Amino acid sequence: MNVDWSAIAGRAPATVLNVNDHEQNRYLVSKMLRNAGFQVLEAVAGLEAVELARQHRPEVIVLDEPSTALDFSASLHLIETLRRLISAGRTLVWVTHHPGEIPPEIDRVVLLKSGCVHADGRKAEILTKSVLSGLYDVDLNVQWSGGWCDVRLSEVL
């Protein structure tokens, strides 16, 4: 994958916090970032990432499923902390399988299916019934409240 990281950060060099609980994936993303001239910090999980972000104030945070293995309360606290980081001007690249985790402060989403871009654009235009149903190959209902997207199955068995 060819990524223009300088466009994501707005400028280079920057400090990037790479958060991924899979060692090999974390290594590969960090290597790409270092090759692009970035200073890289690494964290295994969301809570560790929060502490590193507080200490080092990276310009960009790359998160792969940051709420994995967190209980409900810890997940909510993590998302609120990430919202504060976005409001403080940090750029987040947030990988998730759960559209409901995407906070109101995030405006652009890129949806991937089978390794290809399925949709890319403004969150409210992309996280729709038709786009998400096509992404997940299941009939879904989508509702919005306060900038949050709630996705449910259209029919419950």
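The values are calculated or read from the model by the stated rules, or taken from the named source; none is laboratory data. In this text the structure is predicted, and so the values were computed from the model without any measurement. Neighbour counts run over all protein chains shown; Cβ positions are idealised from the backbone, glycine included.
Of Leu76, Leu33, all but one fail to be farther than 25 Å from Pro104 by Cα, surrounded by 12 or more Cβ atoms within 10 Å (Cβ to Cβ), modelled with pLDDT of 85 or more and not basic (Lys, Arg); the exception is Leu33. The residues of the range 53-73 that are farther than 17 Å from Val95 by Cα, touching a residue at least 12 places away in the same chain (Cβ under 8 Å) and surrounded by fewer than 17 Cβ atoms within 10 Å (Cβ to Cβ), listed by number, are His56, Arg57.
Return a yes/no flag: does the range 95-103 have any residue that is farther than 24 Å from Val60 by Cα and of a type outside the set (A, V, I, L, M, F, W, C).
Filtering the range 95-103 down to residues farther than 24 Å from Val60 by Cα leaves none.
The answer is no, given that none of the residues of the range 95-103 is farther than 24 Å from Val60 by Cα and of a type outside the set (A, V, I, L, M, F, W, C).
Looking only at the range 103-132, residues that are buried (at least 17 other Cβ atoms within 10 Å of the Cβ), of a type outside the set (Val, Ile, Thr) and farther than 23 Å from Ala88 by Cβ come to 4 in all. Every condition in (1) in the same structural domain as Val19 (by TED's automatic domain parsing); (2) closer than 25 Å to Asp21 by Cβ is met by Leu135 except one, and the failing one is (1).
Of all residues in the range 143-157, how many are in contact (Cβ under 8 Å) with a residue 40 or more places away in the chain and either over 18 Å from Leu82 (Cβ atoms) or crowded, with 16+ Cβ neighbours inside 10 Å (or both)? Even if it seems obvious, please write down each step before you answer.
Here is the first cut: in the range 143-157, the residues in contact (Cβ under 8 Å) with a residue 40 or more places away in the chain are 146-151.
From the residues that got through so far, the ones that are either over 18 Å from Leu82 (Cβ atoms) or crowded, with 16+ Cβ neighbours inside 10 Å (or both) too are 149-151.
So the answer is 3.
Suppose we keep only residues that are at pLDDT below 90 and out of contact with any helix residue (DSSP H, G or I) (no Cβ under 9 Å at 6 or more places or on another chain) within the range 36-52. Which one would you say is farthest from Ala88 (Cα to Cα)? This residue is Ala45.
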